[in-house]
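Right, one structure below, let's go through it.
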Amino acid sequence: KYFKKYHIFFSIDGNYNIALYTTINSIIQNCSNPELIMFNILIYDDNKKDEYLSILRNKFPKLVYSFNIFSIFNKKKQFLESVLKKIVPNKEFNDMNLFNKNVHQNIMNYSRIYFTEIFNNCKYGLYLDTDIIVQTDILELFKEMNDKNFQCYSPLIRNTRDYMSFPEYIPEFDIKLDLNINGFNTGVYLFNCNYWRDNNYTELCEKLLVKNSNNKFMKIGTQPLINLLFNGKTKNIDRRWNIAGLGHKTFIKGDGNDTINETDINNAYILHWSGRKKPWLENGINKQYWLKYK
């Protein structure tokens, strides 16, 4: 049964527990067959695995065998810590810096590069941020995997030149990039795990992170990193699979750079609170959609 599951990846620290449970609840509530999903959750502290498992099984008793929880290995923690020490602008680095509120400087944001190694029985995996809710049947997204020309699937809604700061060529790795191809918001992407493994992308990610921390050639965080790997290999899917910006855009009827259109909200398959005003925070915005699944 394990091999027949549809795999979803999460990577969290203790600050996002309530968000994780809400995201999972929205998936289950709208899924035609939630028993087919395996929730693969990556955490920092190995001693917390039993606690998370107990909570999830209590909250979702019909899916007690649908949760797979691992922590990042000690050697991987050490590597990511060494990278973060170079990019986090704190004179005195301590454990709290590992869970920086700036997600692009948070160790669990970077730990996603180890999904395919830790959850090693997945052929395909869907990564989701936890500041989202799913408003439709998530299994429909897996039906997008029907084109052998692509290894990743996500709405291509990011201008690569503006959001990533890539060069056109990275000679150290012989990587050529097409900056005219749009990238994607890495809060939602479905990818071929076997392709990742076969191309040793985890090792490549480590080398790219070290290179970037010593001689910056792209923006920090895993958004440019994942986009670099799948540049030209990502199929553009319906943008409703990631309606982002709910953490900084105001909901009104109409259009504008700082607003979310009412039609987009109602028709969205996934609502994403990218931005600082998360719906579980006191200053959060657009809470009414998130609270429905809390």
Next on the checklist: Eigenvalues of the Cα gyration tensor times 5, then square-rooted: what semi-axes does that give for segment 171-282, in whole angstrom, largest first?
Outcome noted: 31, 16, 13
Checklist entry - Ranked from highest to lowest mean number of other Cβ atoms within 10 Å per residue, what is the order of the peptides 198-204, 108-114? => result 108-114, 198-204
Checklist entry - Using the C-alpha gyration tensor of segment 54-95, what are the square roots of 5 times its eigenvalues, in whole angstrom, with the largest one first? => result 35, 12, 7
Item to check | Size of electric dipole in the chain: Cβ of Lys, Arg +1 and of Asp, Glu -1, about Cα centre, debye, nearest 20 | outcome: 240 debye
Item to check | In sequence order, calculated HN-Hα J values of segment 40-56 (Karplus, 6.51, -1.76, 1.60; Hz; x Gly/Pro) | outcome: 9, 10, 9, 10, 8, 9, 4, 6, 9, 4, 5, 5, 4, 4, 4, 4, 5
Item to check | For segment 86-174: accessible area per residue (Å², 1.4 Å) | outcome: 49 Å²
Checklist outcome for this item: Residue-normalised 222 nm signal for the chain, counting each DSSP H run of n ≥ 4 as -39,500 (n - 2.57), nearest 500 deg cm²/dmol, is -8500 deg cm²/dmol
Checklist outcome for this item: Interchain or sequence-distant (5+) residues whose placed amide H lies within less than 5 Å of the amide H of residue 71 are 43
Item to check | Charge sum, other residues only, whose C-beta stays under 13 Å from residue 179's C-beta, Lys/Arg counted +1 and Asp/Glu -1 | outcome: 0
Checklist entry - Using the eigenvalues of the Cα gyration tensor, what equivalent ellipsoid semi-axes result for the chain when each is taken as the square root of five times the eigenvalue, whole Å, largest first? => result 27, 23, 21
Checklist entry - With the contact rule set at Cα under 8 Å and sequence spacing of 6 or more, what percent relative contact order holds for the chain? => result 20 percent
Checklist entry - Counting only protein heavy atoms and using a 1.4 Å probe, what share of the accessible area of the chain belongs to carbon plus sulfur, as a whole percent? => result 44 percent
Checklist entry - Local charge sum around residue 213 (other residues, Cβ-Cβ under 14 Å, Lys/Arg +1, Asp/Glu -1)? => result +3
Next on the checklist: Need one number: convex hull volume per residue for segment 87-227, Cα atoms only, in Å³.
Outcome noted: 135 Å³
Checklist outcome for this item: In debye to the nearest 20, the charge dipole size for segment 90-227, taken about the Cα centre with +1 at each Lys and Arg Cβ and -1 at each Asp and Glu Cβ, equals 220 debye
Next on the checklist: I want to verify the translational diffusion coefficient of segment 1-133 in µm²/s; compute it with Stokes-Einstein, Rh as the Kirkwood radius over Cα pairs, at 20 °C and 1.002 mPa s.
Outcome noted: 138 µm²/s
Checklist outcome for this item: As a percent rounded to 5, the proportion of antiparallel DSSP bridges among beta bridges in the chain is 40 percent
Next on the checklist: What FRET efficiency comes out for residue 54 versus residue 146 if R0 is 41 angstrom and r is the Cβ-Cβ distance? Round to the nearest 0.05.
Outcome noted: 0.60
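The values are calculated or read from the model by the stated rules, or taken from the named source; none is laboratory data. Keep in mind it's a predicted model, so treat the numbers as computed, not measured. Neighbour counts run over all protein chains shown; Cβ positions are idealised from the backbone, glycine included. Note: areas computed on protein heavy atoms with side chains; ligands, DNA, RNA excluded. Shrake-Rupley method; radii C 1.70, N 1.55, O 1.52, S 1.80 Å.
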